[in-house]
Every structure is written in structure tokens, then in C-alpha cells.
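Asks: Starting off with a structure, shown below.
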Amino acid sequence: MKRFRTTYILSILFVLSLVLSACGSAGSEPAAQVQDQAEESNMEQQAGSMEDMAGMGSNDIPPDLDLNTERLTDQGLFQARITSNLDPLDINQIHSWTLRLETPEGEAIEGAGIVVDGGMPQHNHGFPTSPAVTGELGNGDYLVEGVRFNMTGWWEMKFEITANGQSDQITFNLVVETGRDEGAMGELDHAARDELVVEHIVGNLTLPTETGALYGTIINGTAQDEALVAATVEGCDTIEFHQSTMTDGVMKMAPVEGGQIPIPAGETVNMESGGLHLMCIGKTKTFAAGEQVPVTFTFAHAGQVEGSAEVREPGDMAIDHGGHADHSDHSDQSMHAHDKIPNDGATIRIVSPAAGAEIEAGDMVPVKVETEGFDLAAEGNHWHLYVDDDLVEMVEGTRSETVIHYLEAGQHTILTTMADADHNEYEEGAILTITVK
């Protein structure tokens with residue numbers, strides 16, 4: 001009886017194994033077909049994705065890109081609007097923007113903390129410069145300086161805003177479509193070409209003093225941090241790197257700490273009046289406005305870079321660091337005689353320095369004026385600054401302040417006069433004398 005049961009059970013197990021085996025064989029073909037179909041579908045999807053990618057280059061701009069320059073921030077806490085001073089937008093020009101902040105009800109927001117960021121999302125890189133808010137312009141307007149686009153295409157400008165105890169952010173989309181002629185000086189995409197370039201060099205070298213200054217732009221388009229370690233200028237015995245700073249109302253100038261000018265990778269350093277500059281000490285020749293002077297810059301890694309500086313009159317030092325030297329309006333008039341016109345009640349007064357002020361040798365002298373009956377904000381209106389009967393600057397753009405550089409020891413006469421858009425000078429100005437010790 002036990003033997004029969006054992007045999008019966010074994011028989012049943014054998015039959016079950018045959019059934020299971022048959023089922024497995026029958027099911028394997030559909031399973032394989034499903035797997036094959038899945039792999040085929042996946043390959044088709046990949047091929048389709050690759051075709052899509054091939055049809056859309058990295059510079060293609062999304063068709064539904066929001067290009068509005070005024071809207072609410074992400075959480076709706078602030079109303080923001082941006083306006084560029086460069087129109088149309090172009091590459092390789094350092095320029096500024098105005099950011100206006102208001103509450104959703106339209107009230108101007110003052111005293112906001114703002115961080116600027118951005119770049120090209122399709123290329124995964126940021127700005128080649130370091131844009132930042134540098135001041136408040138009033139009525140909720142903030143000045144954003146140091147913006148430069150180095151490629152055409154889609155850019156983002158991002159702002160993180162803190163005001164009224166709240167924080168929010170916003171991203172504006174921009175499209176830069178114009179590119180400059182690749183052969184033009186100062187208009188190459190240096191960052192894209194992995195270059196270190198010094199450009200737009202101008203020299204304030206014509207005054208009858210033993211010293212002078214040079215300004216310009218250094219663009220480090222490489223991936224390596226650099227430093228300007230030395231420079232030579234034909235006609236200057238020594239070149240030092242100096243930084244001007246305002247201390248207790250007096251502009252002071254001192255050698256750059258460490259004797260070198262750092263230029264981080266991908267960054268731009270501007271040398272300009274009232275800030276960082278090259279100091280020419282001990283002139284060995286007489287410089288004339290309009291001449292080109294050879295300059296050699298020595299960098300820590302790149303070695304020597306040759307260039308030339310355009311010698312300018314002292315009143316013609318303005319530079320567009322992202323484009324051309326900005327002297328198109330006055331290059332042929334800035335230091336020439338002006339027609340005199342009656343004041344007709346308009347007056348100008350020197351607020352600083354005070355008459356009889358004593359200035360330490362080496363200090364720069366801030367000059368500030370006030371006018372009545374003469375609107376400095378009116379188009380074309382400006383004022384002239386003379387030192388010892390030499391016109392040293394035409395002060396424009398609503399500015400009421402400037403700085404006198406490099407006065408030698410002794411007494412000096414400062415004269416300020418008003419002038420209109422046609423460079424006609426008002427007959428009566430303001431005059432005083434200071435002493436440099």
C-alpha cells in the first residue's frame with residue numbers, strides 16, 4: 001500500500017513537471033517578443049530624440065520665450081522693470097542697465113538689497129564680467145553696471161531682491177542678435193577665443209608736469225587667473241600701478257598693494273580716472289595730443305603683450321570700455337577757444353575746494369560746483385574746469401563734481417565756467433586759488 005502511494009505521487013509530480021515545462025516554452029516566445037518590441041520602441045525614441053536634437057542647435061531660441069522686460073517677481077512681491085542703455089544689444093560692450101523696483105501697487109522701493117546673476121542657459125556659463133548694482137538713482141531706480149555679452153543668442157539676467165523685510169527673485173530673458181565685425185579693434189569675442197587682451201588705452205600725458213596717467217581695459221578671456229606685474233611706456237621713466245580713493249573728502253592716490261593688478265579668469269578690469277590706473281613718473285619727452293605711444297604690458301603667465309596708447313587732452317579722457325573711446329562729440333573742439341555769451345543771470349559757484357585751501361602734494365583735489373539759472377540736466381549743458389588758465393576738463397552728463405589730478409607744489413588758480421550745447425562759454429565764472437604743499 002505504501003509502495004503504491006509513493007509510485008502514484010511520483011507519477012503526478014512527473015506529469016506536473018511536463019505541464020510546467022510546456023507552459024514555459026509556450027510563454028517564452030511572447031515574452032521575447034514583448035522584450036524585442038520594447039527595445040525596438042526605445043531605439044525609435046532615442047533616434048527621434050537625436051533627430052530633434054540635430055534639428056535644434058544650442059543657439060536656437062525657444063519660440064515661446066518670454067521677452068517681457070517688466071513684470072512681477074516670481075512670488076509676486078515686487079514689480080520689476082529693466083532698461084538697457086545700449087540699444088540695440090550687442091556683444092563685447094560693457095554697458096549699464098537700470099532696474100526699477102516697485103510694489104505691486106506701483107510705489108517706488110528704496111534701499112533694496114540686490115544680487116545680480118545670469119548667463120546663457122543653453123551654454124551653461126555665466127556673464128564674462130561681474131555685473132552688480134552700484135547705486136540708487138532715486139524713484140525706485142537702481143544702476144546695474146558691468147554687463148557684457150560675449151556671444152549672440154539667449155541670455156538670462158537674474159535678480160535676487162530683498163526689500164521691506166521680504167525676498168523674491170526674477171529672471172529676465174534677453175536675446176542678443178547683433179555681432180560686431182570680427183576684424184574691428186576691440187570688438188573680438190576674446191573670451192570665446194581664449195585670449196588676454198589690453199585695449200582702448202588712452203594717456204593723460206600732455207600737462208606740463210613730470211607725471212601723467214594711462215587708462216584702458218584688460219580682458220582676461222582665458223581660464224587662468226592672471227596678474228599685470230609690470231608695464232613700460234615710451235617716454236615715461238617709470239610706470240607704477242596706482243589706485244585712487246576718496247578719504248575724508250580728499251581724493252588720495254597710492255600704489256596698488258602688492259605692486260600687481262589681478263585679473264581673474266574670465267573677468268574684465270577697467271582702468272579709469274578716479275580709480276585704478278597706470279602712473280607715468282618722470283616724463284622723458286613731450287607728449288602731443290593725438291599721437292600713439294608704444295606700451296608693453298607684462299603679465300605673470302601670458303608674458304609680454306604689446307599695445308599703444310592714444311595721447312589725449314586732459315578734458316577728453318572718457319572711455320567706452322566695451323567699445324570705442326568716447327570722444328566723438330568733442331575730439332576737435334574740447335581744448336579750443338569757445339565763443340563767449342552773456343550770463344543773463346546764470347551763476348556758477350565753487351563749493352569745494354575752499355578758497356585758500358592747502359593740499360598735500362600727491363593728493364587729488366575734488367571740485368564741486370553749484371549753478372543757478374543754469375540747468376546741468378538740460379541736454380548739452382556742461383561746465384568747464386580750468387587750472388592755471390589751461391582747460392583740463394569738460395564736465396558733462398548732469399555731473400556737478402570732478403577731480404583734479406597731479407598738481408605740483410605751489411599756488412594754482414581754479415576757474416569754472418558754464419557752457420551750452422554749442423560749446424559757447426558764459427562770460428562770468430567762479431575762480432579761486434589753492435596751494436599745494
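Asks: Can you work out which of the residues in the stretch 130-161 that are of a type in the set (S, T, N, Q), over 14 Å from residue 97 (Cα atoms) and surrounded by 15 or more Cβ atoms within 10 Å (Cβ to Cβ) is modelled with the highest pLDDT?
Replies: Applying the filter and picking the extreme gives 152.
Asks: Could you check, for the stretch 284-294, whether at least one of its residues is in a strand (DSSP E or B) and either among the small types (Gly, Ala, Ser) or under 30 Å from residue 125 (Cα atoms) (or both)? Let's see the steps before the verdict.
Replies: Filtering the stretch 284-294 for residues in a strand (DSSP E or B) gives 292-294.
From the residues that got through so far, the ones that are either among the small types (Gly, Ala, Ser) or under 30 Å from residue 125 (Cα atoms) (or both) too are none.
Looking for residues that are in a strand (DSSP E or B) and either among the small types (Gly, Ala, Ser) or under 30 Å from residue 125 (Cα atoms) (or both), one finds none in the stretch 284-294, hence no.
Asks: Any idea which residue in the stretch 379-399 is nearest to residue 354 (Cα to Cα), counting only those that are in contact (Cβ under 8 Å) with a residue 40 or more places away in the chain and under 29 Å from the mean Cα position of the chain (by Cα)?
Replies: The extreme case among them is 385.
Asks: Please enumerate the residues belonging to the stretch 401-437 that are over 24 Å from residue 340 (Cα atoms), surrounded by 16 or more Cβ atoms within 10 Å (Cβ to Cβ) and among the polar types (S, T, N, Q).
Replies: Result: no residue meets the conditions.
Asks: Every residue in the stretch 149-170 that is assigned to a strand (DSSP E or B), within 19 Å of the chain's Cα centre (by Cα) and in contact (Cβ under 8 Å) with a residue 60 or more places away in the chain, please.
Replies: 149, 153, 154, 157, 159
Asks: Would you call residue 63 exposed (fewer than 11 other Cβ atoms within 10 Å of the Cβ), at pLDDT below 90 and under 25 Å from the mean Cα position of the chain (by Cα)? Spell out how you get there, then give the answer.
Replies: Numbers: exposed (fewer than 11 other Cβ atoms within 10 Å of the Cβ): yes; at pLDDT below 90: yes; under 25 Å from the mean Cα position of the chain (by Cα): no.
Taking the combined requirement at face value, the residue does not satisfy it.
Asks: Would you check which residues across the stretch 405-437 are in a strand (DSSP E or B) and more than 14 Å from residue 354 (Cα to Cα) and list them?
Replies: 410, 417, 418, 419, 425, 426
Asks: Also: Would you mention how many residues in the stretch 285-300 are surrounded by fewer than 12 Cβ atoms within 10 Å (Cβ to Cβ) and either in contact (Cβ under 8 Å) with a residue 40 or more places away in the chain or within 13 Å of residue 232 (Cβ to Cβ) (or both)?
Replies: 2
Asks: If you don't mind, there's one more thing I want to ask. Please work out if residue 96 is assigned by TED's automatic domain parsing to the domain that holds residue 141, within 13 Å of residue 172 (Cβ to Cβ) and of a type in the set (S, T, N, Q).
Replies: Answer is no for this residue.
Asks: Find all pairs meeting these conditions: Cβ atoms under 7 angstrom apart; at least six residues apart or on different chains; first residue within the stretch 63-86 and in contact (Cβ under 8 Å) with a residue 40 or more places away in the chain and under 16 Å from residue 114 (Cα atoms); second residue of a type in the set (Phe, Trp, Tyr) and part of a strand (DSSP E or B).
Replies: 80/159; 82/97; 82/172
Asks: In the stretch 385-424, what residues are closer than 23 Å to residue 205 by Cβ and of a type in the set (Val, Ile, Thr)?
Replies: Result: 387, 392, 395, 402, 403, 404, 413, 414.
Asks: Which of the residues spanning the stretch 367-380 are crowded, with 18+ Cβ neighbours inside 10 Å and part of a loop (DSSP other than H, G, I, E, B)?
Replies: Result: 374, 376.
Asks: Okay, next question. Just give me the residues in the stretch 200-227 being of a type in the set (Asp, Glu) and either assigned by TED's automatic domain parsing to the domain that holds residue 361 or in a loop (DSSP other than H, G, I, E, B) (or both), in sequence order.
Replies: Matches in the stretch 200-227: 210, 225.
Asks: Here's a follow-up. Of the residues that make up the stretch 211-222, is at least one over 25 Å from the mean Cα position of the chain (by Cα), closer than 17 Å to residue 404 by Cβ and not β-branched (Val, Ile, Thr)?
Replies: yes
Asks: Which of the residues that make up the stretch 301-313 are in a loop (DSSP other than H, G, I, E, B) and either surrounded by 19 or more Cβ atoms within 10 Å (Cβ to Cβ) or among the β-branched types (Val, Ile, Thr) (or both)?
Replies: Once the filter is applied, which keeps residues that are in a loop (DSSP other than H, G, I, E, B) and either surrounded by 19 or more Cβ atoms within 10 Å (Cβ to Cβ) or among the β-branched types (Val, Ile, Thr) (or both), the stretch 301-313 yields only 313.
Asks: Going through 398, 402 one at a time, which residue ends up being at pLDDT below 85 and on the phi > 0 side of the Ramachandran plot?
Replies: On inspection, the qualifying residue turns out to be 398.
The values are calculated or read from the model by the stated rules, or taken from the named source; none is laboratory data. Note that this is a predicted model, so its numbers are computed, not measured. Reconstructed Cβ throughout: ideal geometry from the backbone, glycine too, with neighbour counts over all protein chains shown.
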